Amino acid sequence: MAIEISKILLISFILILIAFLFDLIGFATPNYITVDVGSVEINAGLWKTCTTALGNTVCVDISGTIEDKDWFRACRAMSIFGFISLLVAAVLTGLKLFLLRELKPIFFAAIGTTFAGAFFILVANSIYAANSDDVSGGNTSNYGFSYGLSLTAMCIAVASGIIMIVDFVMGKSLKKVQSN
């Protein structure tokens, strides 16, 4: 018995997994911004700050004044919501693709969580960008690869959601399971 699956939905599933991986790396690494102050380079993320001086790197948890700011807590919360939303989107899309092919609510929930994850990432990165002077201490800073990976994850999630909507409109993913 051969089972037909939607190739478009499979592409969307793979894109969600890639977005989840990019967001995981961006979420966990301390490279949202980079500040160069003379011979010292400071990399800051959502959880740690790493300082490199004379070839030695020391990483510490973010604590003190930055962690106590409401904008920073909101940024962390939105990042966590985005991360969890992409994880749920990947699980729901996988369920729709491989196990629960005939259930429309699973498909709609997958689309919704995909766009919700992208929205939360956008909000988190916007908050961080608007307040990056607090993290950099007023020094000139550049966005790091963690920030870029988070934004890339957001764009990939939006593309995946659009692909799922196109798949829905074309009607391929909601057909009955066909077998030979």
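The values are calculated or read from the model by the stated rules, or taken from the named source; none is laboratory data. Note that the coordinates shown come from a computational prediction; the quantities given were computed from them, not determined experimentally. All Cβ positions, glycine included, derive from the backbone under ideal geometry; neighbour counts span all protein chains shown.
Summary of values
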quantity	calculated
Filtered residues of the range 31-45 (kept if more than 14 Å from residue 148 (Cβ to Cβ) and either at pLDDT 85 or above or in contact with a Leu (Cβ under 8 Å, 6 or more places away or on another chain) (or both))	35, 36, 39, 40, 41, 42, 44
Subset of the range 29-46 (residues that are in a loop (DSSP other than H, G, I, E, B) and surrounded by fewer than 16 Cβ atoms within 10 Å (Cβ to Cβ))	38, 39
The lone exception for residue 79 - which of (1) of a type outside the set (A, V, I, L, M, F, W, C); (2) within 21 Å of the chain's Cα centre (by Cα); (3) in a strand (DSSP E or B) it fails	(3)
Search result, residues across the range 98-119 that are surrounded by fewer than 20 Cβ atoms within 10 Å (Cβ to Cβ), touching a residue at least 40 places away in the same chain (Cβ under 8 Å) and of a type outside the set (Asp, Glu)	98, 104, 115
Top-ranked residue of the range 120-153 - restricted to ones that are hydrophobic (A, V, I, L, M, F, W, C) and either more than 25 Å from residue 16 (Cα to Cα) or free of Cβ contacts under 8 Å to residues at least 24 places away in the same chain (or both), ranked as surrounded by the fewest Cβ atoms within 10 Å (Cβ to Cβ)	130
Where a residue in the range 64-79 is farther than 13 Å from residue 47 by Cβ and its partner, wherever it lies, is surrounded by 12 or more Cβ atoms within 10 Å (Cβ to Cβ) and among the charged types (D, E, K, R), with Cβ under 9 Å and at least six apart	65/134; 69/134; 71/134
Any chance residue 179 is over 17 Å from the mean Cα position of the chain (by Cα), at pLDDT 80 or above, surrounded by fewer than 20 Cβ atoms within 10 Å (Cβ to Cβ) and polar (S, T, N, Q)	no
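A quick yes/no check of all residues on (1) in contact with a Ser or Thr (Cβ under 9 Å, 6 or more places away or on another chain); (2) farther than 22 Å from residue 163 by Cβ; (3) of a type in the set (Gly, Ala, Ser):
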site	(1), (2), (3)
8	yes, no, no
25	yes, yes, no
32	yes, yes, no
55	no, yes, yes
64	no, yes, yes
109	no, no, yes
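Residues are listed down the side, and each one gets a yes or a no for (1) outside any loop (DSSP other than H, G, I, E, B); (2) under 25 Å from residue 63 (Cβ atoms); (3) out of contact with any strand residue (DSSP E or B) (no Cβ under 8 Å at 6 or more places or on another chain); (4) modelled with pLDDT of 85 or more:
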position: 123; (1), (2), (3), (4): yes, yes, yes, yes
position: 126; (1), (2), (3), (4): yes, yes, yes, yes
position: 129; (1), (2), (3), (4): yes, yes, no, yes
position: 139; (1), (2), (3), (4): no, yes, no, no
position: 147; (1), (2), (3), (4): yes, yes, no, yes
position: 152; (1), (2), (3), (4): yes, no, yes, yes
position: 163; (1), (2), (3), (4): yes, no, yes, yes
position: 166; (1), (2), (3), (4): yes, no, yes, yes
